[in-house]
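Notes follow the structure.
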Amino acid sequence: MIPTAVHDRAELADLLRRDPALHAYELGDLDDFFWPWTGWYRLGDSIALVYHGAGGPPTVLAFEQPEAVGALRELLAGLTGLLPRRFYAHVTEGAEDLLVTGFGAESRGLHLKMALTDRARLLRQDSRGELLTRADLPELLALYEAAYPGNWFDPRMLDTGQYVGVRDKGELVAVAGVHVWSPTQRIAALGNITTHPRVRGRGIGKAVVAELCRRLLDTVDEVALNVRADNESAVALYTSLGFATVGRYYELSVGD
């Protein structure tokens, strides 16, 4: 079967809200901030997003719960002739082989989707940090260069007002931010989180994530994030803050 292109945001929101934690990124991309760079395809109730706003090859997002992986596989098979020669993909575990055999995709590892499910645990944690603005961009870029080289960060994200930083002796040493933040859809996805190597092990990273999450809960109902499955320290940190795994997916690259 051939997927159909979808241009109706209300239709997409209804489908994605069946599982908002799993589809946090896609729901956020319905906002005007991201919408112009998106293309959407549907087959039955399964949705695939092709996002073109990262400054490089597009990224394909396609997620379902394990019991619906068969439907997702049909959708991806139908997209074979519609996808570009080079792209990245985030695809639910159990469907990634279609991209490996069909496109020669290379795996970048298994990842977890986590969502904040225990707010009481979050509120018991110490938190600290101050909001960052465009004026802090040079310091933030320097921190990423030292502590998180190669991360995907768009300076426009600072304009959301949802980036929190911690300074030590006047130097920005930790940050927690968002990849998407949508008060309209009442959802946020954390991203671009890092701590300078010289201050790791002091609980600063955990505190700045806790501070950001507390602030986000004033405007959203769902807070989610992605993390590599083998990053045990990060998974443990997020679990301690009240996050739980809600999905598993592979990141892949095609044509690199």
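Can you tell me how many residues in region 97-111 are surrounded by fewer than 22 Cβ atoms within 10 Å (Cβ to Cβ) and either free of Cβ contacts under 8 Å to residues at least 60 places away in the same chain or touching a Ser or Thr at 6+ places or on another chain (Cβ under 7 Å) (or both)?
Selection size over region 97-111: 6.
Inside region 16-48, can you point out the residues that are surrounded by 19 or more Cβ atoms within 10 Å (Cβ to Cβ), over 18 Å from M157 (Cβ atoms) and not hydroxyl-bearing (S, T, Y)?
L16, P20, A21, L22, H23, W40, L43, I47, A48, listed by residue number.
Which of the numbered conditions does A115 fail, given that it passes all the others? Conditions: (1) closer than 30 Å to V208 by Cα; (2) of a type in the set (A, V, I, L, M, F, W, C); (3) assigned to a helix (DSSP H, G or I).
(3)
Give the residues of region 9-23 that are assigned to a loop (DSSP other than H, G, I, E, B) and in contact with a strand residue (DSSP E or B) (Cβ under 9 Å, 6 or more places away or on another chain), sorted by residue number.
D19, P20, A21, L22, H23
The rows are residues; the columns are (1) surrounded by fewer than 21 Cβ atoms within 10 Å (Cβ to Cβ); (2) within 15 Å of the chain's Cα centre (by Cα); (3) of a type in the set (A, V, I, L, M, F, W, C).
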position: G203; (1), (2), (3): yes, no, no
position: A210; (1), (2), (3): no, no, yes
position: C213; (1), (2), (3): no, yes, yes
position: D221; (1), (2), (3): yes, no, no
position: E232; (1), (2), (3): yes, no, no
position: V235; (1), (2), (3): yes, yes, yes
position: G247; (1), (2), (3): no, yes, no
position: Y250; (1), (2), (3): no, yes, no
position: S253; (1), (2), (3): yes, no, no
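Every read-out reported here was derived from the displayed coordinates using simple, explicitly stated rules and does not represent laboratory data. Treat the numbers as computed from the prediction; the structure is a model and nothing was measured. Glycine gets a Cβ as well: all are built from the backbone with ideal geometry, and neighbour counts include every protein chain shown.
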